[in-house]
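Every read-out reported here was derived from the displayed coordinates using simple, explicitly stated rules and does not represent laboratory data. Computed from a prediction, not measured in an experiment: that's the story for all the values here. Note: ideal-geometry Cβ built from the backbone for every residue, glycine included; neighbour counts use all protein chains shown.
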Amino acid sequence: MTGRIVEWGIFAAVVAAGVAVAIFGSGYYAQTLFTATMLILLAVGWNVISGFTGYVSFGQVSFFGLGAYVAALVMIHMAAPWYVAAPVAALAGIIVALPLGLIMLRLNGIFFALGMFGLARIMEIIASSLGITGGPMGTTVPVAQSVNECALVMVLAAAAALIASYRLMRSRLGLRLMAIRDDAVAAEASGVNTWTIKVVAFCISAGIAAIGGSLYVWNVGYLDPSSAFTGTIELQTILIVLTGGIGTVWGPLIGGIVIAALSTALWARFPMEEQIVLGALIMFIAVAMPGGLMSAVSRLGWLKRAPIWGPPVDPTTLPPVATDEATSGAPAAREPVLSCRGLGIRFGGVVAVKDVDVTAYPAEMLAIIGPNGAGKSTLFNLISSFALPSVGEVSFAGHKVSGLPAHALARRGIARTFQTSRLFPLLTVWETVLLAASSLYATRADAVAATTRILAEVRLLDHWAEYPDTLPPGRQRLLEIARALALKPRVLLLDEAMAGMSAQEIERVHAALRHAMARGTAVIAIEHVLPAIAPLARRVQVLDFGQTIAEGIPRQVLSNPTVIEAYMGADYEEPAHGGA
């Protein structure tokens, strides 16, 4: 708590200093302050889509220029003051970003970055071609009464953006954005609608950039395409975030102060070489200090990000969980909760799964076994909608669900783990489970309570503030199971979840699974370590070359000659004095 007070005290002091310079400083200092805080504002917006969400953009200046032109047109043709033009520009940026995001966010990695770079060039060409914008010659705009007024407004706008960024990172939306950045597939499995969340982040980022553009044109009183869509602004924005620390709240502020001082010094002495030096600085920071200055500050124990909605509550104070009749494991409930008929998928000429039926009943475990390459994980992908079947259908709770998005199935009650653990490197143990719980529970209190219960159940509550890479492999598997259990699944798909676990850790998993099955959860488990699931499995289904070759109770299936041949080969002979 003391750390947060100091943190906000420093922020308040920086803002107060900016306000003082804006009010009492000379025109030169006020203009320098305006430029620096404008870049900080743009850096905050860029950080939302590129730092929090992981989509590196080379075209946020598109929305800066758009906001500048919209504000200019509103002030010129509607005779509106800047405080009307700025919100209109922000709204225009969001409206334009919505359809663009639906298109651009289909791209990933360098393709998204290049697509955004192309978007900026397209908008520059459009602005040069329209008469209403003044064409390539530009247009004059009603200018502010004084540069001090502009500086004051921009300082307050940048401060508001930083506060909003802090609140965003501490929110449900911020948690989802960071999960998408770390692993979008795992986020989908946690019930996150990654597509919608990415578009929301894109729109927020665009709106902030548009506000920056609207205040810029109010400050300079003139606008042309080359100044509205200049790459210099984009370069400095990216440099500020990389210098301060990408994906952090205070990175844009720290980076903005450092880069503003450096840019001012370079412009005063070496104006022609400024861009060369800044470009070289980006490469140096990317190689030598990828976490920016915030990484060095965090290593000293300062400005560390506190886990979202943490710490956990005392589990002994939580009320008992109410029994849900829909997931009751009563013996009479023998209708299957999951039914797959004739599932199959082909990849080119390879048939990975062929005509497979799977039936899961409440409160029991079905073990799916088979040699490597038998199609087990692919079958899980078909059931959980991470792959669409070529043939067949999946029915869950009496309804066909084939083709539904993976996040929708996760929220309905089909949760899963992955063959190779998919955790979020930059989210804590607490946040990993909270992400799934917050997809299911509407209120913060309920999500926190559910997260506390699950972590206590798998005995990871003492590690709530740690990061996944600090845990041994077995506990990482436990954490992934805990994330799946936080969705209160009616069907739980475990893909080799107990691989690499110690006997003690396996017993923890067994206890958690018995508890889940007692609540009516159907468990389908893929496992190579057969003793790890033998005590819990009521039925076993064997796959080989994508087809079911045996199914029944464990003892009968494991003694089936066809199953033995699939595992051991046709030349295998049982030892004369084999063990039990």
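Is the C-alpha gyration tensor of segment 1-46 telling us rounded, prolate or oblate? Criteria: a/c under 1.5 is rounded; beyond that, a/b larger than b/c is prolate, otherwise oblate. Walk me through the numbers on the way to the answer.
Values: a/c = 5.06, a/b = 1.50, b/c = 3.38.
Because a/c hits 1.5 or more and a/b fails to exceed b/c, segment 1-46 counts as oblate.
Can you give the FRET efficiency to the nearest 0.05 for Ile163 and Leu318, using r as the Cβ-Cβ distance and R₀ = 25 Å?
Numbers: r = 33 Å, r/R0 = 1.30.
After rounding, the FRET efficiency stands at 0.15.
Which value does Rg/Rh take for segment 467-549 over its C-alpha atoms, Rh per Kirkwood? Spell out each step's value before the answer.
Details: Rg = 13.2 Å, Rh = 13.5 Å.
Over the Cα atoms of segment 467-549, Rg/Rh equals 0.97.
What are the extents of the Cα atoms of segment 336-568 along their three principal axes, in Å, largest first?
Reported extents, whole Å, longest axis first: 49, 37, 33.
If you count, for each residue, the other Cβ atoms within 10 Å and average over each peptide, how do 273-286, 253-266 line up from highest to lowest? All intermediate terms of the calculation are to be shown ahead of the outcome.
Details: 273-286: 13.7, 253-266: 19.8.
The most tightly packed comes first, giving 253-266, 273-286.
Ranked highest first by average number of other Cβ atoms within 10 Å, how do 405-418, 462-475 line up?
Numbers: 405-418: 22.6, 462-475: 15.6.
Ranked from most to least packed, the peptides come out as 405-418, 462-475.
For all pairs of alpha-carbon atoms in the chain, what percent lies in each bin of width 20 Å, listed from the first bin to the last filled one?
19, 43, 27, 10, 1
Non-local amide H neighbours of Tyr222 (under 5 Å, H modeled in plane, Pro and chain starts lacking H): which ones?
Answer set, sorted by chain and number: Val141.
Take the alpha-carbon centre of segment 351-398, take the same for segment 495-558, and report the distance between them in whole Å.
Using only Cα atoms, the two centres lie 14 Å from each other.
Provide, for q = 0.10 Å⁻¹, the log10 of I(q)/I(0) from a solvent-free Debye sum over equal Cα point scatterers in segment 112-230.
At q = 0.10 Å⁻¹ the computed log10 ratios are -0.46.
Among 137-150, 216-229, 382-395, 48-61, how do they line up by average Cβ neighbours within 10 Å per residue, starting with the highest?
Details: 137-150: 16.5, 216-229: 20.9, 382-395: 18.8, 48-61: 25.6.
Taking the mean over residues of other Cβ atoms within 10 Å, the ranking is 48-61, 216-229, 382-395, 137-150.
Under 8 Å for C-alpha pairs, at least 6 residues apart: give me the relative contact order for the chain, rounded to a whole percent. Mind dumping the intermediate values first?
Numbers: 1060 pairs, mean separation 90.4, N = 580.
Computed value for the chain: 16 percent relative contact order.
Can you give the helix-only mean residue ellipticity at 222 nm for the chain, where every DSSP H stretch with n ≥ 4 adds -39500 (n - 2.57) and the sum goes over all residues, rounded to the nearest 500 deg cm²/dmol? Mind showing how you got there, number by number?
Numbers: 23 runs with 318 residues, N = 580.
Computed ellipticity for the chain at 222 nm equals -17500 deg cm²/dmol.
Across the Cα atoms of segment 2-228, what radius of gyration and what greatest pairwise Cα-Cα distance (Dmax) are found, in Å?
Here Rg and the maximum Cα pair distance are 18.2, 57 Å.
Please enumerate, by chain and number, the lysines with C-alpha under 19 Å from the C-alpha of Lys376, excluding those fewer than 8 residues away in the same chain.
Once the sequence-local lysines are set aside, what remains near Lys376 is Lys354.
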